[in-house]
Amino acid sequence: MKQKLTSMVTLLLAIVLIISACSGNNGGNNGGSGGEAANAGSNAESNAGGKTKLEFWTFQQLHADFYVEMAKRWNEVNPDKQIELVANVSPFDDVHNKLLVSLQSGSGAPDLADIELGKFPNFLKGEPQLVPLNDIVEPELSNLVKARFDIYAKDGNYYGVDYHVGASVIYYNKELLDKAGVNPADIK
């Protein structure tokens, strides 16, 4: 049951990201002043087959495979709103550096990007060049762990959606803790 719920939430969040990219066109803004997102939605375009083409950058092949599968599932359920997802996998540092440059220059950014948690603060410096997702995130906050979304927030705006909640594990040497007089059950 728990795995099914996790799968459903993951699917929902993936679809939300794809939907946000589809609706993210801000009238062709190419990243001017006033804090508007650079290149928001400008890569999304309809091709001859009527599908909306979306570009996704990631540093992890498993993430690319996941999103390609989610786009297929989306297309099965939404025949009138088809998506052609182009997933580009590059080395970890290359993805983040190229994304920063494209956002700052206002040219070449993808519609969706996989930004690693530890790199995300770099994208919130100054005036964020990402599209705020408040209209998607805020209605769902009461159903989710808000602290997971605060990581992607600045000045009341949410700029990311956490679609992977990895397990945190701690190992300890009981003998060493006993010698130090530390009870692991008291650690919070």
>> Under 5 Å between amide hydrogens, which residues at least 5 positions from Tyr163 or on another chain qualify, with H placed 1.01 Å from N in the peptide plane?
In response: none
> Restricting attention to the range 98-128, which trypsin sites (Lys or Arg not before Pro) occupy a DSSP loop and are surrounded by at most 16 other Cβ atoms within 10 Å?
Replying inline: Lys125
>> Sort Arg148, Arg73 by heavy-atom solvent-accessible area, probe 1.4 angstrom, most to least.
In response: Arg73, Arg148
> Working out 0.36 nm times the residue gap between Asp186 and Asn88, then minus their Cα-Cα distance, what length gain in nm do you get to one decimal?
Replying inline: 30.7 nm
> Using mean Cβ contacts within 10 Å as the protection proxy, how do 128-138, 62-72 order, highest first?
Replying inline: 128-138, 62-72
> Under 5 Å between amide H atoms, partner at least 5 residues away or on a different chain: which partners does Ala87 have, H built in plane at 1.01 Å?
Replying inline: Phe56
> So what J values fall out for the range 173-188 if you push phi through Karplus, 6.51 cos²θ - 1.76 cosθ + 1.60 with θ = phi - 60°, rounded to Hz, Gly and Pro as x?
Replying inline: 9, 4, 4, 5, 5, 4, 4, 7, x, 9, 9, x, 5, 8, 6, 10
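By its C-alpha gyration tensor, with a ≥ b ≥ c as the square roots of the eigenvalues, how is the range 114-166 shaped: rounded for a/c under 1.5, else prolate for a/b larger than b/c, else oblate?
oblate
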> What FRET efficiency, computed as 1/(1 + (r/R0)^6) with R0 = 30 Å and r the Cβ-Cβ distance, is obtained for Lys81 and Lys125, rounded to the nearest 0.05?
Replying inline: 0.30
> Between Lys72 and Asn134, how many nm apart are label points set 7 Å from Cα along the C-beta direction?
Replying inline: 3.8 nm
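In whole percent, and with a 1.4 Å probe on the protein chains, what portion of the accessible area of the range 62-145 is carbon and sulfur?
Values: 2460 of 4680 Å².
Its accessible area is 53 percent carbon and sulfur atoms.
How long is the gain from Leu177 to Asn97 if the chain were fully straight, where each residue apart is worth 0.36 nm and the alpha carbon distance is subtracted? Please report the intermediate quantities before stating the final value.
Values: separation 80, 0.36 × 80 = 28.80 nm, distance 4.20 nm.
Residue separation times 0.36 nm, minus the Cα-Cα distance, leaves 24.6 nm.
The values are calculated or read from the model by the stated rules, or taken from the named source; none is laboratory data. All values reported here derive from a predicted model rather than from experimental measurement. Every residue, glycine among them, receives a Cβ derived from its backbone with ideal geometry; neighbour counts consider all protein chains shown. Protein only, heavy atoms only, side chains kept; ligands, DNA and RNA dropped before computing areas. Shrake-Rupley method; radii C 1.70, N 1.55, O 1.52, S 1.80 Å.
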